[in-house]
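First comes the structure, then the notes that go with it.
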Amino acid sequence: MITIGLKGHLERIVTEEVTAARIGSGLVKVFATPMMIALIEQTCYESVSPFLEEGQGTVGTLVSVTHSAATPVGMRVWCDSQLIEVDRRRLVFEVKAYDECGLIGEGRHERFIIDSAKFQAKIDAKAK
């Protein structure tokens, strides 16, 4: 069962592939903001996945975060999430991202529980 207070944690090492210079979100070789957001989304997704019913998934619908400190290649980064609100299918998380020197970003992330097959069918119909 998905309950308020559920926590998530995920770690990564910053590589060249996730830098702003490599993905095109800037010119410097630091952990890119879009990659920090991807880490946040994955952390939240993985924290609730074991509690979903068969055939369900979640999709991200809102990200409101700051990216307050740069992280160089080779340094470890991680995200901690906590589920702070459940409103039927809507899940709201408080998120914080860190590197080995401290806090690098924080904010909120919202996800919705979906029926994966129905969701995919809608997307497939949209593509036609």
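Every read-out reported here was derived from the displayed coordinates using simple, explicitly stated rules and does not represent laboratory data. Keep in mind it's a predicted model, so treat the numbers as computed, not measured. Ideal geometry is used to build each Cβ from the backbone, glycine not excepted, and the neighbour counts take in all protein chains shown.
Does residue 2 satisfy the condition of being in a loop (DSSP other than H, G, I, E, B), touching a residue at least 12 places away in the same chain (Cβ under 8 Å) and either out of contact with any Leu (no Cβ under 8 Å at 6 or more places or on another chain) or not basic (Lys, Arg) (or both)?
Yes, satisfied.
Which one of 69, 38 is of a type in the set (Gly, Ala, Ser) and closer than 16 Å to residue 15 by Cα?
Step by step, each of 69, 38 is checked, and only 38 is of a type in the set (Gly, Ala, Ser) and closer than 16 Å to residue 15 by Cα.
Quick one: in the range 66-89, which of the residues that are touching a Cys at 6+ places or on another chain (Cβ under 9 Å) and of a type in the set (A, V, I, L, M) is farthest from residue 100 (Cα to Cα)?
Applying the filter and picking the extreme gives 83.
Within the range 16-36, can you find the residues that are in contact (Cβ under 8 Å) with a residue 24 or more places away in the chain, surrounded by fewer than 20 Cβ atoms within 10 Å (Cβ to Cβ), of a type outside the set (Asp, Glu) and in a helix (DSSP H, G or I)?
Within the range 16-36, 33 is the sole residue that qualifies.
Report yes if residue 43 is outside any strand (DSSP E or B) and either of a type in the set (A, V, I, L, M) or exposed (fewer than 14 other Cβ atoms within 10 Å of the Cβ) (or both), otherwise no.
No.
Return yes when residue 113 is within 24 Å of residue 54 (Cα to Cα), of a type outside the set (Ser, Thr, Tyr) and assigned to a strand (DSSP E or B) and no when it is not.
Considered against the rule, which asks whether it is within 24 Å of residue 54 (Cα to Cα), of a type outside the set (Ser, Thr, Tyr) and assigned to a strand (DSSP E or B), residue 113 comes out as yes.
Could you please give the count of residues in the range 1-18 that are over 30 Å from residue 90 (Cβ atoms) and out of contact with any Ser or Thr (no Cβ under 9 Å at 6 or more places or on another chain)?
The qualifying residues number 4.
Residues in the range 46-76 that are of a type in the set (D, E, K, R) and in a helix (DSSP H, G or I): how many?
1
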